[in-house]
Amino acid sequence: MTAEVCVVISDVFDAPILDIAREFSIPNAYLPPGRFQTRLEPQAEVELVRMLRDAGVELVILAGFMRVLKAPMLEAFRRRILNIHPSLLPRFPGLDAWKQALAAGEKVTGCTVHYVDEKIDHGDIIAQREVAILPNDTAESLHARIQITEHELYPAVISEMCQKLSDV
């Protein structure tokens, strides 16, 4: 199943993904996040919904988006917002999950693709993939291996979701 990237939006002004989008002539935009560190300004979130709807978006894929979404987005794209997190949720939600797993002495961690809801790294789990924690792992080496797994799992899940949407 093929999918089309309709728009790339970032709340980071100089995010490299915006340059990549421009390179491939994909519509893109910077959305100023406002004064809150963990969520968008209410009017910014309403604007985000408008931008996504105007672009014809059916499935919202988050990557590196470190803000909790609220009602405008959650209602507009119910069960159509996906996120990937570098742990086997519900273990280690939040920031630096791989560091949390190392500090806890875990032998296995991984990544999770989940639906986004109003809580941090909480929505229904769609898919998970394990990554072994090796005896000599550092936070950096473990994170690098988790990212490789994320780069395999997320596109596979997105493809499945696009297939389901096209079957509807």
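The values are calculated or read from the model by the stated rules, or taken from the named source; none is laboratory data. Computed from a prediction, not measured in an experiment: that's the story for all the values here. No Cβ is skipped: glycine too gets one built from the backbone with ideal geometry, and neighbour counts run over all protein chains shown. These accessible areas exclude ligands, DNA and RNA; they are computed on the full protein's heavy atoms, side chains included. Shrake-Rupley method; radii C 1.70, N 1.55, O 1.52, S 1.80 Å.
Miscellaneous remarks
- Positions within region 125-145 being within 20 Å of M66 (Cα to Cα) and either in contact with an Asp or Glu (Cβ under 6 Å, 6 or more places away or on another chain) or open to solvent by 90 Å² or more (accessible area, probe 1.4 Å) (or both), in sequence order: E140
- Pick from region 58-91, criterion of a type in the set (G, A, S) and assigned to a loop (DSSP other than H, G, I, E, B), ranking: farthest from E4 (Cα to Cα): S87
- Of everything listed in (1) hydrophobic (A, V, I, L, M, F, W, C); (2) open to solvent by less than 50 Å² (accessible area, probe 1.4 Å); (3) under 30 Å from S141 (Cβ atoms), the single unmet condition for I20 is (2).
- Among the conditions (1) open to solvent by less than 40 Å² (accessible area, probe 1.4 Å); (2) more than 18 Å from the chain's Cα centre (by Cα); (3) closer than 23 Å to K164 by Cβ; (4) not aromatic (F, W, Y), E41 misses just one, which is (3).
- Restricted to region 37-54, and to residues there that are touching a helix residue (DSSP H, G or I) at 6+ places or on another chain (Cβ under 9 Å) and touching a residue at least 24 places away in the same chain (Cβ under 8 Å), the residue that is farthest from K70 (Cα to Cα) is L52.
- Cβ pairs under 7 Å, 6+ apart, first in region 116-142 and more than 23 Å from T38 (Cβ to Cβ), second open to solvent by less than 90 Å² (accessible area, probe 1.4 Å) and among the basic types (K, R): V131/R145
- Residue ID - most open to solvent (accessible area, probe 1.4 Å), chosen from residues in region 107-124 that are hydrophobic (A, V, I, L, M, F, W, C) and in contact with a helix residue (DSSP H, G or I) (Cβ under 9 Å, 6 or more places away or on another chain): V108
- Restricting region 25-35 to residues that are open to solvent by 30 Å² or more (accessible area, probe 1.4 Å) and touching a residue at least 12 places away in the same chain (Cβ under 8 Å), the residue that is farthest from Q163 (Cα to Cα): P32
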